[in-house]
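Here it is: the structure, laid out below.
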Amino acid sequence: MIVNASLVDAGMQIAVAMGWTTSAANFGALKSLRALRALRPLRAIQRFPDLKQVVIAFLDSFTAVKNVFMVFLLILIIFGVIGVSLFKGQFGSCADGLSSRADCGEENWSINDSNFDNIIQAMRTLSIMTTTEGWSGVMYLGVDTAGIDKSPIQNNSPYMVWYFIFFMIVGSLFVANLLVGVIIDQYNKAKAKKGEFSESDDTEVKIKIILAVNEMNKQKGKKSQSAEPENWRLHVYNITHHKLFDKFIITVVLLNTFTMSINSY
């Protein structure tokens, strides 16, 4: 990437020297490419092995971070579905202080930008909450909910606070620590490749031994279960251990989640 930035800069100098940038449009397009020169300080990484190791570990962690993102997305969907069922149509308020949307009128009724009217809005609201920026304000809106198309009443639903607290623990603290743990693990692996962290090698060997022992125990369990059971139990066993059974269960779970997420205000 650094080499490419240098080549782009050199190419632009040649273009200017040969008169290829006579027009303002051409010059502006080429000038914007010079922003890549900001990558030049990255050359210093080559002179500092520890810093280089950190950058390599960060780049290698992208694959693992993808899995963390999938877990985070699943958490958003689960809590989003719950949030829609609890708060859809309840984050509105009347400018005149009237108790319902029907009495207030559409022109005076406003809906908060952070709401749970559908699964998309719910996931957006929850993702903003994970930054811990203004999450308490959304929590207080949930605590003040009084019903669909009803104006908020202070502390009308105090038990709703547990929904937001539990989400902040799982969706914010847990995912953040998981992300940091993934990057640290990649850093330790990068050090282990250079022989600077022998404990990681010992740990990996121990893990492989434990997995091998567990696999042997599973094989023993299969042999003991392969005895002649009752006819109907044998059919149930064969169905549940078929390779397509897990895919079928996952498909059913996804369809169930999709039908639940369709629910909206």
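Please order 123, 70 by the number of other Cβ within 10 Å, starting at the fewest.
Numbers: 123 21, 70 10.
Least crowded to most crowded, the residues run 70, 123.
Okay, moving on. Could you give log10 I(q)/I(0) at q = 0.13, 0.25 Å⁻¹ for the stretch 118-184, computed by the Debye formula over C-alpha point scatterers of equal weight, without solvent?
-0.42, -1.12
Taking the Cα centroid of the stretch 62-79 and of the stretch 106-182, what is the distance between the two, rounded to the nearest whole Å?
19
If you don't mind, another one. Suppose R0 equals 35 Å. What FRET efficiency, 1/(1 + (r/R0)^6) with r the Cβ-Cβ distance, do residue 155 and residue 127 give to the nearest 0.05?
Numbers: r = 27 Å, r/R0 = 0.76.
It comes to 0.85.
Treating only the Cα positions of the stretch 63-173 as identical point scatterers, give the base-10 log of I(q)/I(0) from the Debye formula at each q in 0.13, 0.20, 0.21 Å⁻¹.
-0.49, -1.00, -1.08
If you keep only loop residues by DSSP, which trypsin sites (Lys or Arg not before Pro) in the stretch 109-198 have at most 14 other Cβ atoms within 10 Å of their Cβ?
Those that pass, being in a loop and sparsely packed, are 194.
Each reported figure results from applying straightforward, stated rules to the coordinates on display, with no laboratory input. For clarity, every value in this text was computed on a predicted model and none was experimentally measured. FYI the Cβ positions are ideal-geometry reconstructions off the backbone, even for glycines, and counts take in every protein chain you see.
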